[in-house]
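The next block holds one structure in the form of structure tokens; read it before the comments.
The values are calculated or read from the model by the stated rules, or taken from the named source; none is laboratory data. Treat the numbers as computed from the prediction; the structure is a model and nothing was measured. Positions of Cβ are generated from backbone atoms using ideal geometry, with glycine treated the same way; all protein chains shown enter the neighbour counts. Heads up: the accessible areas ignore ligands, DNA and RNA and are worked out on the full protein's heavy atoms, side chains in. Shrake-Rupley method; radii C 1.70, N 1.55, O 1.52, S 1.80 Å.
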Amino acid sequence: MALINLEDVSKLYGFGDATTLALDEVSLSINKGEFVAIMGPSGCGKSTLLNIMGLLDRPTHGSYKLSNRLVERLSPSRAAKLRRDTIGFIFQSYNLLPRLTVLENVALPLAYKGYSLTRRLELASSMLERVGMQNREYFYPSQLSGGQIQCAAIARALVNDPTIIIADEPTGNLDSNGSRLVMELLSEIHKMGNTVIFVTHNPELTRYATRVVYMHDGLVVQDETSDLGQVAKTARRNLYSVPRKSVEDDLAGVSLLMKVMPEDDKKDELAEEKPKSKRRKRGTTIRRRS
Amino acid sequence: MSFSPGHIKGAIVTMRANRWRSLLTMFGIIVGVASVIVIIGISQGVKRDITNQVNSYSKNVITVSSRAASVSSFGFSTVPAVSTLTNQDVKALAHLKGIRASVPLYLLSGVATGDRSYPSGVVIATNQNLPLVLNQSLAYGAFFNDQNSNGFSAVLGNNAARALFKGSIPLGYSFTWGGQQFVVDGVLNKFNVTPFSNNTIYNDAIFIPDIVASQFNHGSSSVFQILVKAKSSAQLPSLAKQISLTLLRTHSGQHNFSVLLPSQIASNSTGILGLLTELTIGIAVISLFVGGVGIMNVMLVSVTERMHEIGIRKAVGASNRQILMQFLIESTTVSVAGGLIGIILALLVDVGLRDTTNLSPVISWQVVLISALISIMIGIVFGSVPAFRASKKEPIDALRND
Ligand SMILES: Nc1ncnc2c1ncn2[C@@H]1O[C@H](COP(=O)(O)OP(=O)(O)OP(=O)(O)O)[C@@H](O)[C@H]1O
Ligand SMILES: [Mg+2]
């Protein structure tokens, strides 16, 4: 039984000459317990798809069944209730509210569920322990590293025991260590029976997924199962990862294919294409933590 | 249920994070609430004092004035140029039944000079019944009376005594007025003064016997007021009617005089006070409104600034209603905090006024409660537009907005 069932879902942005077709009659069904990676070049509609699946946005056309229930035209309050009860979100950045402590951030979804304060903090605390952040409960987001922020975000996504975890480039701002940390966590969640859907630009990360969906120009162009621990075949061919190419690369005549192709199984090459300086900075923060 | 997500705590956290902004936002509310409480307090205090004084000085006293005179209750420095009351009226009223005593008050012009000259003093010709009618005793000496009065004796109001003479007890001192020398027989106790009340004039007055005065003005001096004291308060209404009828006869049917009961005197004074109070409250209400608009403005800015936060909250399951409540509670917290500061400020001003002036404002818990309710209402009313805006935002639009 499919948990998520999209049929001919289209999404149009804008109107008149400025209309963008972000999703073009996409049909996709995802079963319970799958760990789906969505890949594709920038602007191909990955985030749009995730937002529709996560009930943050509505499709322009098409139908969406979540647990066999039509949800594409839900009222705002019903959509909010479904998000609260069944979906956990992790975004690329700015996941946490800066004025709340990590603990309060993680407890936030429970507040909207009407749990008592003590119960909220109790649950949030145990969830932080599960992601290895118990000693950061009373920190503010500004006092955390990028990887720690994402871990807290994962704890928050999990705290209301959702059936689906939706993560839009959760490792987009992280270096290789941070990425690994986050992906291992998601992988653990998956092993406990959760359905995880995430977007990534890094082909290496498909080794965590059981299924990889490739998109292009609002279409799903390929959909393959992938063995855990293995980089997906198509991803290995590097069809769709289109990292940003720097001016220096152009001058040096470095081909994109050369830059991204994973060299065998060297773990340290997990990192996304990022400016070197930024990567080093993130690296030091992570290292200091461990 | 809507309160459960710790909105109040969140609101306080937000307020702390923007301490200055919050304080400035509250300013209009603070000023509005404080001035409403202070003004109502002052006005009620003065009203109470006036009532007390009317009860002590004008108990059972019917005040008969020339028509123009009632207008002059704005302050007694302005005295009607021509009075419609005459000696004839004084005589007619003195013989009415049910009267305990009656006193004419003639206003005379001219400056008295003792050790010093006293240009701001008022010279009033009257008779020996004045202390009885006004229920006022003398500080020193005795009031002149028809029997012992050798003519040129006088009794001074408390301020007048100090203004005319250097000595502390001016009994037997003399001053000149209208080319004549007068000897001071007595000094009246000080009348408690309240704004807009009759008593102001008595403290500044120099009282001389009316018999003497009539010689000066060749029997045609103008009567400022006639005070008629009834034997009991039960007789007041019927006596007032009788006075009116008598005067109508002597004035050949013309109603160019007023006959006021003690209660009317009080309401006359408090009427003007009420008008001033209403004006000031009007200004305070404008201040509250401006304060409310300030809150609305700041909340609108805050909603825009925190769009991403709203997006995150909606993504983790906040309903429109819960977001609405969050922002409503935030704006209400700001306005209520403003209201509380305003109330505290009003209490401080009250203490200050008691210390530095002779006002004793009455701050009633009802007014404080109403102010608190008003500040809650302002928070809700002016916070609702920003809160609705926040709640109606689609989650995805809120998230995209950085
Ligand atoms: N609010 C919007 N208004 C107009 N067009 C939009 C809007 N959001 C997205 N689009 C367009 O829809 C298309 C798909 O956008 P989307 O964000 O889903 O891409 P993406 O695959 O997530 O890209 P990236 O990898 O860069 O995050 C893009 O062409 C984008 O320009
Ligand atoms: Mg995207």
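A few notes on this one:
- B:Ile363 vs. criteria farther than 16 Å from B:Gly6 by Cβ and not in a helix (DSSP H, G or I): yes
- Checked against (1) more than 16 Å from ligand 2 (Cβ to nearest atom); (2) surrounded by 16 or more Cβ atoms within 10 Å (Cβ to Cβ); (3) over 30 Å from A:Ser126 (Cβ atoms); (4) among the hydroxyl-bearing types (Ser, Thr, Tyr), A:Thr86 passes all but a single condition, namely (3).
- Residue in region A:110-123 that is surrounded by 16 or more Cβ atoms within 10 Å (Cβ to Cβ), away from chain B (no Cβ under 14 Å) and over 14 Å from B:Gly6 (Cβ atoms) present: no
- In region B:263-285, the residues that are free of Cβ contacts under 8 Å to residues at least 60 places away in the same chain and under 30 Å from B:Phe388 (Cα atoms): B:Gly282
- From the options A:Ser93, A:Ser77, residue that is within 8 Å of chain B (Cβ to nearest Cβ) and on the phi < 0 side of the Ramachandran plot: A:Ser77
- Some residue of region A:69-80 being open to solvent by less than 10 Å² (accessible area, probe 1.4 Å), within 16 Å of ligand 2 (Cβ to nearest atom) and more than 24 Å from A:Thr234 (Cβ to Cβ): no
- There is at least one residue in region A:56-63 that is among the basic types (Lys, Arg) and within 14 Å of chain B (Cβ to nearest Cβ).
- Breaking point among (1) within 14 Å of another protein chain (Cβ to nearest Cβ); (2) touching a residue at least 40 places away in the same chain (Cβ under 8 Å); (3) open to solvent by 30 Å² or more (accessible area, probe 1.4 Å), for A:Asn177: (1)
- Looking only at region A:103-140, residues that are among the β-branched types (Val, Ile, Thr), closer than 19 Å to A:Ala167 by Cα and more than 19 Å from the chain's Cα centre (by Cα) come to 0 in all.
- Candidate set from region A:22-58 (those that are within 8 Å of ligand 1 (Cβ to nearest atom) and in a loop (DSSP other than H, G, I, E, B)); member that is nearest to A:Lys81 (Cα to Cα): A:Gly45
- When residues of region A:154-183 are limited to those that are in contact with a Lys or Arg (Cβ under 9 Å, 6 or more places away or on another chain) and acidic (Asp, Glu), the one farthest from ligand 2 (Cβ to nearest atom): A:Asp175
- Verdict on A:Asn177 being within 16 Å of ligand 1 (Cβ to nearest atom) and not small (Gly, Ala, Ser): no
- Which listed residue, of B:Ser319, B:Ser360, B:Ser371, is out of contact with any strand residue (DSSP E or B) (no Cβ under 7 Å at 6 or more places or on another chain), open to solvent by less than 20 Å² (accessible area, probe 1.4 Å) and away from every other protein chain (no Cβ under 14 Å): B:Ser371
- Scanning region A:27-44 for residues that are within 16 Å of ligand 2 (Cβ to nearest atom) and open to solvent by less than 10 Å² (accessible area, probe 1.4 Å) yields A:Val36, A:Ala37, A:Ile38, A:Met39, A:Gly40, A:Cys44.
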